[in-house]
Amino acid sequence: MLADQLDYVVGVDPHRDSHALAVVDVRSGGVVFEATAVADGEGYESVLRLANQHAPGRRAFAVEGTGSFGAGLARFLTSHEELVLEVGRLRRERRSGKNDALDAIRAARSVLGQTRPARPRAGGEREALRALSAAREGAVTARRAGLCQLRGL
């Protein structure tokens, strides 16, 4: 179990402009620290500094959306040899509403019970092929729409 291998899990709820993070103690499940960081290079460095300060020892980062808003942070942390785990979209209770700090805590706690948590997809050739495929699909759709417009005239 993952909880046996770690001391802390840092949950991250990423957004376009900022990322909410929460440090959770694995043994107690309690929240040690919460913060918000800007979603840029300096913000990523501050996330790492905060993690070093409040989560020393064995830790992992549970990042929601490593393929979208969390991609930059995931790449940064991976390049600094941190363990990054991918968290799927979390289901929220109806009454709780949207709260970034709570989402970061949920992200951290969601990986604690897992035996084999998901790792973010690797970039490189696979990501380049995905981008090429998406661009081709867009071009085919645009061509089809253009032909339909011409036929309509």
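Laboratory data are not the source of any read-out in this text; all were calculated from the coordinates shown. Note that the structure is a prediction, hence the values are computed from the model and not measured. Positions of Cβ are generated from backbone atoms using ideal geometry, with glycine treated the same way; all protein chains shown enter the neighbour counts.
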Work out from phi, with θ = phi - 60° and the Karplus expression 6.51 cos²θ - 1.76 cosθ + 1.60, the ³J(HN,Hα) of each residue of region 65-71, listed in order in whole Hz, and give x for Gly and Pro. x, 6, x, 10, 5, x, 5
Which shape class applies to region 2-42: rounded if a/c is under 1.5, otherwise prolate when a/b exceeds b/c and oblate if not, where a ≥ b ≥ c are the square roots of the Cα gyration tensor eigenvalues? prolate
Non-local amide H neighbours of Asp7 (under 5 Å, H modeled in plane, Pro and chain starts lacking H): which ones? Arg58, Arg59
Ranked by how many other beta carbons lie within 10 Å on average, peptides 49-56, 64-71 from highest: 64-71, 49-56
